[in-house]
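See structure below.
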Amino acid sequence: MCRQNLDLMGTMADAAYVAVDTCQNQFADRRWNCSSVRKSPKLSRELVRGTREQAYVYAISSASLVHSVARACSVGITTKCSCGSLPNSPPAGNFKWGGCGDDVRFGLYFSEQFTDVSLHKKGKPKNSKKAQMNRHNNAAGRKIVATSLTIACKCHGVSGSCSIKTCWRSLPDFKVIGTQLKHLYTSAVEVKRKKRNNQKIFVPLNPRIQTVTGHVLVYYTKSPDYCSPDPKSGSVGTHGRFCDRESRGWGGCDTMCCGRGYKSTVLEVVERCECKYYWCCYVKCKTCKKRLNLHRCR
């Protein structure tokens, strides 16, 4: 598949970088901070045992590929796709459909073909619990992108009068999609497999949840607390992690350090400040000293 799509390999590399960068930004203040994703394709234990973190990583990887490929289509990087199709319905506003929207349809197709290929054997879906979970979460990530299309517009007219406005369907910045996926991570559903009508399906462990829909993330192994190093679970612990002494949330020292306490240091930083531009043509700055109070988990 890679040989058949050489013109999209750069886009796929960008998609991988965006997924990792977004994941680490989203979880920077959590005990599990997504650092293990950088070891891919060698995945650590918490990303292969059916955890909530595994669900999120597969979903954001799949979503990032849809997003990057759809954008690549609209800017002409590949000949396999182009602009997204314009809506058939008349515009609900004072504008007309036009421009070049992101080709989400091709992005969805390509992402599914690529991310799910290892979850099939001889053209048929693998029947293992892990493969079924990964397929579900890949699809959930793609659905988030598919439902994230917004309307972008451009004005035309004399002196910016906007007498004519052209609009098209466009995807938001991937940070928006990453935030939505983090909400899905928080509300992910713990499941077990059950045979029904000769098929194995996921059913929620929580009796108050009736069914598993395609719009939720699923997992079947409880995550460790990630407080201490544990090679068996994939936890690297939080020793040495920076924390916020004033915060009572996830990034706070009490939560991040798991009650072990923290070590505080004062760092003096010298930086340029009060810079002024002088005509012509140089910038003159003062040198300022700033004291930083840093706290690291014991």
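The values are calculated or read from the model by the stated rules, or taken from the named source; none is laboratory data. Worth saying up front: this structure is predicted, and the values here are computed from it rather than measured. Because the Cβ atoms are built from the backbone with ideal geometry, glycine has one as well, and the counts that use them run over all protein chains shown.
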Go through (1) within 22 Å of Ser223 (Cβ to Cβ); (2) surrounded by fewer than 17 Cβ atoms within 10 Å (Cβ to Cβ); (3) in contact with a Leu (Cβ under 9 Å, 6 or more places away or on another chain) and name the single condition Lys80 misses.
(1)
So which residues in the range 74-101 are farther than 13 Å from Cys167 by Cβ and either modelled with pLDDT of 95 or more or hydroxyl-bearing (Ser, Thr, Tyr) (or both)?
Ser74, Thr78, Thr79, Ser82, Ser85
Any idea which of Ser44, Ser68 is closer than 27 Å to Gly101 by Cα, surrounded by 15 or more Cβ atoms within 10 Å (Cβ to Cβ) and either polar (S, T, N, Q) or at pLDDT 95 or above (or both)?
Ser68
Suppose we keep only residues that are assigned to a strand (DSSP E or B) and surrounded by 14 or more Cβ atoms within 10 Å (Cβ to Cβ) within the range 219-230. Which one would you say is modelled with the highest pLDDT?
Tyr219
Take the residues in the range 188-218 that are modelled with pLDDT of 95 or more and within 17 Å of the chain's Cα centre (by Cα); name whichever of them is farthest from Met256 (Cα to Cα).
Val216
Among Lys80, Lys129, which is the only one that is of a type in the set (Lys, Arg), in contact (Cβ under 8 Å) with a residue 60 or more places away in the chain, more than 30 Å from Lys192 (Cβ to Cβ) and in the same structural domain as Ala55 (by TED's automatic domain parsing)?
Lys80
Residues (touching a helix residue (DSSP H, G or I) at 6+ places or on another chain (Cβ under 7 Å) and not in a loop (DSSP other than H, G, I, E, B)) located in the range 80-96:
Gly84
Flagged in the range 1-30 as in contact with a helix residue (DSSP H, G or I) (Cβ under 7 Å, 6 or more places away or on another chain), surrounded by 15 or more Cβ atoms within 10 Å (Cβ to Cβ) and either aliphatic (A, V, I, L, M) or more than 15 Å from Lys182 (Cβ to Cβ) (or both), in numbering order, are Leu8, Thr11, Met12, Asp14, Ala15, Val18, Ala19, Val20
State whether the residues of the range 15-22 include one that is assigned to a helix (DSSP H, G or I), within 19 Å of the chain's Cα centre (by Cα) and over 30 Å from Gly249 (Cβ atoms).
yes
The number of residues in the range 21-43 that are in contact (Cβ under 8 Å) with a residue 40 or more places away in the chain and basic (Lys, Arg) is 2
Can you give me the number of residues within the range 27-61 that are in contact with a Ser or Thr (Cβ under 7 Å, 6 or more places away or on another chain) and farther than 16 Å from Lys222 by Cα?
3
Here is a check on your reading of the model: is Phe114 under 19 Å from Arg142 (Cβ atoms), surrounded by fewer than 23 Cβ atoms within 10 Å (Cβ to Cβ) and among the hydrophobic types (A, V, I, L, M, F, W, C)?
yes
Lys194 vs. criteria more than 30 Å from Lys222 (Cβ to Cβ), without any contact (Cβ under 8 Å) to a residue 24 or more places away in the chain and surrounded by fewer than 13 Cβ atoms within 10 Å (Cβ to Cβ):
no
